[in-house]
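Enquirer: Provided herewith is a single structure, encoded as structure tokens, for subsequent inquiry.
Throughout, read-outs are computed from the coordinates displayed, never taken from laboratory work. Computed from a predicted model, the values in this text were never measured in an experiment. Note that each Cβ is placed from the backbone with ideal geometry, even for glycine, and that neighbours are counted across all protein chains shown.
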Amino acid sequence: MKAKLNINKNEIISKIDRRIYGSFIEHLGRAVYGGIYEPTHDSADELGFRGDVLELVRNLKVPIVRYPGGNFVSGYNWEDGIGDKSKRPRKLDLAWLSVETNEVGIDDFQAWAKRANTDVMMAVNLGTRGPDEARALIEYCNGETNTYYANLRRENGYEEPFGFKLWCLGNEMDGDWQICHKTAEEYARVATETAKVLRWVDPSIELVACGSSDHHMPTYGEWESTVLEHTYDYIDYLSLHCYYGNYKGTPDFLARAEDMDRFIKETASICDKERARRNSDKVINLSFDEWNIWYRTKDEEKTAPRWLVAPPLLEEKFNFEDALLAGCMLITLQNNSDRVKIACLAQLVNVIAPIMTENGGVAWKQTIFYPYMYASLFGNGVALSTKAEVDAYTSAEGWNVPYLCSSTIFDEENGRLVIFAVNRSLDDKIELDVSLKGLEGYTLAEHIELYCDDLKATNSKEEQRVAPRKKEISCGSSISLEKHSWNMLVFERNS
Ligand code: AHR
């Protein structure tokens, strides 16, 4: 099949906010214990953090990591995780029906984040708690005053404030699985009052209010409208979450990125409707702070043995077609970078994650590691709108889905233009013609491909069946994209 991409230097979507390449660590399963933290591990540092995992996280150049949940945060008492480790209480975690030892808490996590070269995106508990706890927490983390909580941090050995800039007002409060789930009105009120106290303590922060935990929630739309009506003047971003499953075959699965695109555009419209209603200059942008593929291990905690410490939960084993969809989802985030300023691949280690570990053993890369890594390393600059001339197929819900899913990121300063492209055809190669306008002197310098003949191939600690490879650059005018493949095309300015 032939396809053409028309790219014009002047057709700018937006500068990419690097925070769209964020991720997420929740106290859930082996994300923390056995994931980032394992004091007895050979590679552990003096704080008990696994060096092998830190190295993989640094390879990904993750700009922000959301913490400590997720559903977990709605029952979390942050005070349990500070001070002398031997005195920290063991508690029941009702979100995941596990035991939380509190060996790792905020102090420890911010130390890990520094070592991982990332920033913390902090979430406050708006389930069992509310504004009172939130004001104490932000004083503890960011306070510079000679007052109780800022002094408590100093007593615990942290003279300098942590300086967390990004705060989530709870998590998925629209879902009845959430500890202390709320109606839109109930959530909107508590989120507003919490936003006020958080900002009074630290006016420099940015705040994210909960949108819907899925596009297909029965309250989607109404929830957003009510939350925005109350919180508009106090927040900066509205959150979106989505996880896709492969239920109707590969073509439909790979089309899920179109659903994500629609979710983003609809939610941005809801924000703009409220903006118009208020005649406000303020734009509420989007934080897609949980996205991934997740279906094999859904609801696992309901049947797994209860009250274990760090049981293996949600350890989704990603295959090659998951990597293709992850690539398409990253492309969708880039193409919506005018509204999506933050996004978190959920999650980072062991729990629906690009990085897996064995307790006491090795760490390795799942298939989705690669599109995520390349997007984070090479997807920096301005996103250009990419006009594609390509055939399309029809998805299960009757949508027209182009075989080629692509984004273009232009970094003028460094003389680099990068095209991310997924060929969604299961049968045909795409012979791609790229037309560059206003970009004279740019030529193809590198072609990285992720391809595996077997769509169901997975990686393991023994074998990386799905791994990128550098393709030969041919002298011909078109670029060949293998059937069902992810590709990164790097064009460089000739000096
Ligand atoms: O990422 C796993 C869970 O998915 C999170 O805890 C929750 O917010 C979402 O439902």
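Enquirer: Hey, for a label at Glu440 modelled as a point 7 Å past Cα toward Cβ, could you say which residues of region 467-495 have their backbone N under 16 Å away?
Expert: In region 467-495, the label zone of Glu440 (backbone N under 16 Å from the point 7 Å along Cα→Cβ) covers 493-495.
Enquirer: Taking the Cα centre as origin and putting +1 on Lys and Arg beta-carbons and -1 on Asp and Glu beta-carbons, what dipole magnitude results for region 165-284, to the nearest 20 debye?
Expert: Working: 14 positive and 22 negative charges, 47 e Å.
Rounded to the nearest 20 debye, it is 220 debye.
Enquirer: Put a dot 7 Å past each Cα toward the Cβ at Asp42 and Lys483; how far apart are the dots in nm?
Expert: A separation of 4.2 nm, rounded to one decimal place.
Enquirer: In addition: Select from Gly441, Leu426, Gln347 the residue farthest towards the positive end of the dipole of the chain; place +1 on Cβ of Lys and Arg, -1 on Cβ of Asp and Glu, and compute about the Cα centre.
Expert: The residue sitting farthest along the positive end of the dipole is Gly441.
Enquirer: Scan around Phe288 for amide H atoms under 5 Å from its own, H built in the peptide plane at 1.01 Å from N, and keep only partners 5 or more places away or cross-chain.
Expert: Leu240, Lys341, Ile342, Ala343, Cys344
Enquirer: Is the chain best put as rounded, prolate or oblate by its Cα gyration tensor, with a ≥ b ≥ c the root eigenvalues, rounded for a/c under 1.5, and otherwise prolate when a/b is larger than b/c, oblate when not? All intermediate terms of the calculation are to be shown ahead of the outcome.
Expert: Values: a/c = 1.70, a/b = 1.42, b/c = 1.20.
Taking the square roots of the gyration eigenvalues as a ≥ b ≥ c, the chain is prolate.
Enquirer: How many angstrom lie between the C-alpha centres of region 178-202 and region 336-385?
Expert: 29
Enquirer: So, one more: A 21 angstrom limit on the alpha carbon distance is what I want to check against. Which of Lys282/Lys341; Lys61/Lys341; Lys165/Lys298; Lys265/Lys456; Lys61/Lys196; Lys248/Lys317 exceed it?
Expert: Numbers: Lys282/Lys341 15 Å; Lys61/Lys341 17 Å; Lys165/Lys298 32 Å; Lys265/Lys456 31 Å; Lys61/Lys196 32 Å; Lys248/Lys317 19 Å.
Among Lys282/Lys341; Lys61/Lys341; Lys165/Lys298; Lys265/Lys456; Lys61/Lys196; Lys248/Lys317, the Cα-Cα distance tops 21 Å for Lys165/Lys298; Lys265/Lys456; Lys61/Lys196.
Enquirer: Need the full-extension length gain, Tyr393 to Arg58, defined as separation in residues times 0.36 nm minus the C-alpha distance. One decimal, nm.
Expert: Residue separation times 0.36 nm, minus the Cα-Cα distance, leaves 116.8 nm.
Enquirer: Subtract the Cα-Cα distance of Asn8 and Arg493 from 0.36 nm times their separation in residues, and report this length gain in nm to one decimal.
Expert: Net length gain for the segment: 173.1 nm.
Enquirer: Hey, another quick one. Give the angle, between 0 and 90 degrees and rounded to the nearest 10, that separates the Cα long axis of helix 184-201 from the longest principal axis of the Cα atoms of the chain.
Expert: With rounding to tens, the tilt is 80 degrees.
Enquirer: Follow-up. For a Förster distance of 45 Å, can you work out the FRET efficiency between the beta-carbons of Lys87 and Leu426, rounded to the nearest 0.05?
Expert: So, using R0 = 45 Å, E works out to roughly 0.20.
Enquirer: Something else now. Give the long-range amide H neighbours of Lys2: residues separated by 5 or more places, or on another chain, with amide H under 5 Å away, using H modelled in the peptide plane at 1.01 Å from N.
Expert: Correct list: Glu431.
Enquirer: Neighbouring Cβ atoms within 10 Å as the yardstick, rank Leu417, Leu313 fewest first. It would help to have the intermediate numbers written out before the result.
Expert: Numbers: Leu417 26, Leu313 20.
Ordered from fewest to most neighbouring Cβ atoms within 10 Å, Leu417, Leu313 come out as Leu313, Leu417.
Enquirer: Further question: When a/c is below 1.5 the answer is rounded, else prolate if a/b is larger than b/c, else oblate, so apply that to region 343-460 with a ≥ b ≥ c taken from the square roots of the Cα gyration tensor eigenvalues.
Expert: Oblate, since a/c reaches 1.5 and b/c is not below a/b.
Enquirer: Summing Lys, Arg as +1 and Asp, Glu as -1, what charge do residues with Cβ under 10 Å from the Cβ of Phe72 carry, Phe72 excluded? If you can, show how the numbers build up before the last one.
Expert: Numbers: positive: none; negative: Glu26, Asp93, Glu100.
Every neighbour counted, the sum reads -3.
Enquirer: Can I ask one more? Within a Cβ distance under 10 Å of Ala95, other residues only, what is the Lys/Arg minus Asp/Glu net charge?
Expert: -4
Enquirer: Across bins of 5 angstrom width beginning at 0, how are the C-alpha pair distances of region 1-155 distributed, in whole percent?
Expert: 2, 8, 15, 19, 18, 14, 9, 4, 3, 3, 3, 1, 0, 0
Enquirer: What angle do you read, to the nearest 10 degrees and between 0 and 90, between the alpha-carbon axis of helix 51-60 and the longest principal axis of the chain?
Expert: That works out to roughly 50 degrees.
Enquirer: About the Cα centre of region 17-378, how large is the charge dipole given +1 on each Lys and Arg Cβ and -1 on each Asp and Glu Cβ? Please answer in debye to the nearest 20.
Expert: Rounded to the nearest 20 debye, it is 280 debye.
Enquirer: Further, regarding this structure: Per DSSP H run of n ≥ 4, the term is -39500 (n - 2.57); total these for the chain, divide by its residue number, and report the mean residue ellipticity at 222 nm rounded to 500 deg cm²/dmol.
Expert: After summing the helix terms and dividing by the residues of the chain, the value is -7500 deg cm²/dmol.
Enquirer: To make sure I understand the rule: partners must be aspartates and glutamates, Cα under 16 Å from the Cα of Lys87, and not fewer than 8 residues away in the same chain. Which ones qualify?
Expert: By straight Cα distance, Lys87 reaches Glu79, Glu100, Glu103, Asp107, Asp108, Glu155.
Enquirer: Let me ask something additional. Taking only Cα atoms, what is the 0 to 90° angle, nearest 10, from helix 106-115's long axis to the longest principal axis of the chain?
Expert: Approximately 30 degrees, to the nearest ten.
Enquirer: Give, in whole angstrom and from largest to smallest, the semi-axes √(5λ) of the equivalent ellipsoid of region 58-136, with λ running over the eigenvalues of the Cα gyration tensor.
Expert: Details: eigenvalues 93, 47, 32 Å².
Working through the eigenvalues yields semi-axes of 22, 15, 13 Å.
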